[in-house]
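Contents: one structure, followed by commentary.
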Amino acid sequence: MMGALRKLLSESKNFMLLAALLMLFGAWMGYANHEMFMELIAQVFDQLEELLEQTEENDSPAFMAGLIFGNNVRAALMMLGLGAIIFIIPAISLFVNGLAVGFILKVSAIGGISPLALFTYGILPHGILELPAIIMAGGIGIFLGWRLVRWIFRMIALAINPDGRSGEHFREETQPVLKTRLKGLAIFTVGLVIVLFFAAVIEGYVTPGLLEQQMEQISLSWQKN
């Protein structure tokens, strides 16, 4: 079973790199051109506002962690599931998530709070688990969707020219290959859920305390500089 996971991760490693670059590019765009993306970011913030309202009604770290966990798992599984059908969906999602992070950091800078400090205390503690998990999920989703596109085009080519070169098609899409990928995907999904659980616990219990302790001092220091 672990061999199937290693095979899937090896096959999709370049797509994971692409996923990381998409998120980084989105973060840079959100930071450098925050005014350009006001309307798009507003839609993301509307969803975040709903989460904040629910956490305010239930002032409990456990409730907050559970809410974050459910939201992150749903987003990651959508990247995997929808990406396997239309690979562009996780690509867009990764870019938009990066965009939101960059936008928040830029707004904090305008408001007199160090973006580096906000990232360190507000994002990094849980992000060290959450961000790689989301990037890997997005990369695998893009990989699976791209393979589906290639398979469709090969089927069309074979239908047009049945006597053409079909060896590569059958090597790529034989049942054993698909079975191995599904096994790897199942193991990855279990690991993904576990990692996102711990990330949500950190975000619910640790991150708010760090921000509460540090933000006032950070803001004063940033204003002096």
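Within the stretch 14-32, how many residues are open to solvent by 90 Å² or more (accessible area, probe 1.4 Å) and either free of Cβ contacts under 8 Å to residues at least 12 places away in the same chain or in contact with a Phe, Trp or Tyr (Cβ under 9 Å, 6 or more places away or on another chain) (or both)?
Qualifying residue count for the region: 3.
Just need a number here: residues in the stretch 72-106 that are open to solvent by 50 Å² or more (accessible area, probe 1.4 Å) and either within 19 Å of G141 (Cβ to Cβ) or at pLDDT below 85 (or both).
Here is the first cut: in the stretch 72-106, the ones open to solvent by 50 Å² or more (accessible area, probe 1.4 Å) are 74, 77-78, 82, 85-89, 92, 97, 104, 106.
Among the residues that remain, those that are also either within 19 Å of G141 (Cβ to Cβ) or at pLDDT below 85 (or both) are: 74, 77-78, 82, 85-89, 92, 97.
Number of matching residues: 11.
The values are calculated or read from the model by the stated rules, or taken from the named source; none is laboratory data. Everything numeric here is computed off the predicted structure, so don't read it as measured data. A quick note on method: Cβ atoms are made from the backbone with ideal geometry, for glycine too, and the neighbour counts reach across all protein chains shown. Note: areas computed on protein heavy atoms with side chains; ligands, DNA, RNA excluded. Shrake-Rupley method; radii C 1.70, N 1.55, O 1.52, S 1.80 Å.
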